[in-house]
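Novice: Can you read through this structure? Questions will come right after.
The values are calculated or read from the model by the stated rules, or taken from the named source; none is laboratory data. Keep in mind that this is a model prediction, so the values were computed, not measured. Here the Cβ is made from the backbone with ideal geometry for all residues, glycine too, and neighbour counts use every protein chain on show.
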Amino acid sequence: MKASIAAVASFIALAVGAYAAVRATALEQQLHDLSARVQGVELTKPGIREVMGQVYTHYNDLGAAAEQGNWGLAQYKLMQLEEFMNMVPTLRPIENGLKLGDVSGAFVKGPLAAMYAAVKSQNKADFMTGYRGAAMTCNGCHAATGRVYIQIVPAVKAP
């Protein structure tokens, strides 16, 4: 009887070990496949250059929309601008010692919030204050990260 119990226990131990080995191999394969997928995604995600290019485009479109009194388009462009600005710290958390999450957060809470309020009230003068403040914030960040040569100049004139 003891021999039978020992044999069963040995069989169970071998079966559990074999199952664990098979499961570990399957998990290793899943991890390898997932790693390959992540590397593929990394190759397709935009870089900081592309995101900043989108920020600039939406900023200019935003100014033109407000200048023309197209407040619906201005609202849409603000949302696009905010979306791209929120990508910045994910793509590049720190640049030359500057925490870009802090800068993009200040941009969203400062000039962007002012422009949202101005668009809601359809006030061009208030909008331009926020719009110029956005350019100053951008230029300050560019200077602080060693890119003083990148200057954002508002494309529209104050009302």
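Novice: Give the residue that is farthest from Asn70 (Cα to Cα), with candidates limited to residues of the range 101-159 that are of a type in the set (S, T, N, Q) and crowded, with 17+ Cβ neighbours inside 10 Å.
Specialist: Step by step, filter the range 101-159, then rank; the result is Thr145.
Yes or no, residue by residue, for (1) at pLDDT 85 or above; (2) of a type outside the set (A, V, I, L, M):
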{"site": "Leu34", "(1), (2)": "no, no"}
{"site": "Val38", "(1), (2)": "no, no"}
{"site": "Lys45", "(1), (2)": "no, yes"}
{"site": "Thr57", "(1), (2)": "yes, yes"}
{"site": "Asn60", "(1), (2)": "yes, yes"}
{"site": "Gln80", "(1), (2)": "yes, yes"}
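Novice: Go through Gly110, Gly105, Gly53, Gly69 for me and flag whichever is of a type in the set (Gly, Ala, Ser), outside any helix (DSSP H, G or I) and modelled with pLDDT of 85 or more.
Specialist: Going through Gly110, Gly105, Gly53, Gly69 in turn, the sole match is Gly69.
Novice: Looking only at residues in the range 82-94 that are part of a helix (DSSP H, G or I) and free of Cβ contacts under 8 Å to residues at least 40 places away in the same chain, which one is nearest to Lys45 (Cα to Cα)?
Specialist: Thr90
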